[in-house]
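The values are calculated or read from the model by the stated rules, or taken from the named source; none is laboratory data. Here the structure is a predicted model, which is why all the values come from computation and not from measurement. No Cβ is skipped: glycine too gets one built from the backbone with ideal geometry, and neighbour counts run over all protein chains shown. Areas reflect the complete protein model, heavy atoms only, side chains present, ligands, DNA and RNA absent. Shrake-Rupley method; radii C 1.70, N 1.55, O 1.52, S 1.80 Å.
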Amino acid sequence: MLTQINGLHHVTSLARDAKQNNAFFTERLGLRRVKKTVNFDRPDIYHLYYGDTTGSPGTVMTYFPSAERERRKPGTGEVAQTTFSVPAGAIGYWRQRLSEFGTDGLKEEFLFDEKRLLFCGPDGECFALVEVENNPRLGWTAQQVSADVALRGFHSVSLRLNEDRVTAELLTFMGYQKVKTEGRVTRFSIPDGNGAHLVDLETRPDFEPAVQGAGSVHHIAFSVDDRRKQLEVREALTDAGHQVTPVIDRDYFWAIYFRSAGGILFEIATNEPGFDRDEDITQLGEALKLPTQHEHLRAGLELSLPEI
Ligand code: ZN
């Protein structure tokens with residue numbers, strides 16, 4: 001069993017409209033946009049990152065918005081819900097705020113004795129807020145959302161699977177421990193994790209496989225401290241038979257990817273070097289940052305990318 005993984009690092013999803021996506025996460029949810037860059041493989045579309053003040057690992061929701069996408073068809077083999085942590089007592093505030101913004105899918109429920117507020121994103125993707133007592137993480141509070149209610153990073157992701165055995169085995173190999181089962185959902189946790197260290201597996205043999213599109217989570221990334229630990233994880237995964245990519249430099253972290261047997265793309269990302277690598281912490285996410293190999297496209301991209 002591995003011990004290098006701390007929990008989630010980031011969650012990356014697909015969207016249609018960059019402006020709408022940016023407004024949803026910054027104005028409605030009060031996250032900080034910590035990077036405005038482009039997709040490495042498709043520099044004609046944005047890669048937008050939203051998180052806490054510095055884009056700490058375990059807080060960062062990222063998107064590839066592209067106007068030509070069809071909406072996804074929900075099903076198995078996908079991330080069904082991404083859940084953020086909020087301070088105890090904050091859900092009433094969020095229910096009212098999200099309602100005032102006309103947010104779809106607002107509903108309160110309990111799971112594993114935790115109160116949570118479900119809601120939908122602009123592309124129909126499913127989110128929840130869960131109240132967590134004594135969360136030491138801080139939120140981004142420079143906008144309209146005050147510190148006592150601000151989002152404190154991820155709480156968990158929920159993976160919807162045809163069957164959960166292989167994914168449960170994989171998570172266990174990665175360092176997660178089974179906590180308990182309630183109905184169709186089994187919870188896994190990393191001991192002494194980074195606050196974003198829960199994964200729920202929901203078994204739905206009655207569902208068809210999901211079709212990826214706008215609103216789909218493209219991949220989930222797990223956090224390791226540094227490149228040395230990432231190489232240890234890569235070697236262990238490869239030895240266990242997983243097809244893992246070489247280490248790829250993503251400018252703000254190093255990444256390796258592999259497809260989990262349940263169908264979901266997993267990434268292992270380093271906490272180094274971080275989002276202040278190429279801009280001052282006070283100005284994160286404001287300027288358009290381009291990977292070096294795409295810098296020659298800047299003039300055209302500044303005209304073609306939607307203004308946000
Ligand atoms: Zn990623």
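Some notes on this structure:
- Of all lysines in the structure, the ones whose alpha carbon falls short of 30 Å from that of Lys180, not counting any fewer than 8 places away in one chain, are Lys73, Lys107, Lys115, Lys229.
- Under 5 Å from the amide H of Glu125 lies no amide H of any residue 5 or more positions distant or on a separate chain, with H modelled from the backbone and absent for Pro and chain starts.
- Gained length - Arg228 relative to Arg277, 0.36 nm times residue gap less alpha-carbon distance: 15.7 nm
- Met174, Met1, ranked by accessible area, largest first (probe 1.4 Å): Met1, Met174
- Modelled this way, with points 7 Å down the Cα-to-C-beta line, the labels at Tyr257 and Glu108 are 4.0 nm from one another.
- Estimated Rh, segment 236-289: Kirkwood, alpha-carbon pairs, angstrom: 13.0 Å
- Shape call, segment 1-54: gyration tensor on alpha carbons, a/c limit 1.5: oblate
- Taking segment 136-177 and a reference point 7 angstrom along Cα→Cβ of Asp239, the backbone N atoms nearer than 19 Å belong to 169-176.
- Residue-normalised accessible area of segment 30-130, expressed per residue, 1.4 Å probe, Å²: 35 Å²
- Protection proxy ranking, peptides 62-68, 178-184, average beta carbon neighbours within 10 Å, highest first: 62-68, 178-184
- q = 0.09, 0.11, 0.14 Å⁻¹: log10 I(q)/I(0) that the Debye formula gives for the chain, counting C-alpha atoms only: -0.41, -0.63, -1.09
- Distance between the 7 Å Cα→Cβ label points at Glu286 and Ala88: 3.8 nm.
- Whether segment 71-216 is rounded, prolate or oblate, judged on the alpha carbon gyration tensor where a/c under 1.5 counts as rounded: oblate
- Of Phe110, Phe25, Phe258, the residue with the greatest mean-square motion in the GNM of the chain, using alpha carbon springs below 10 Å, is Phe110.
- Whole-percent carbon and sulfur share, accessible surface of segment 118-180, 1.4 Å: 52 percent
- Put simply, the convex hull of the Cα atoms in segment 23-67 casts, on average, a shadow of 3.4 nm².
- Rounded to 0.05, the FRET efficiency of the Lys178 and Asn135 pair, given R0 = 22 Å and the Cβ-Cβ distance, is 0.45.
- Value of Rg to Rh for segment 1-116, rounded to two decimals, is 0.97; Kirkwood radius and Rg both from alpha-carbon coordinates.
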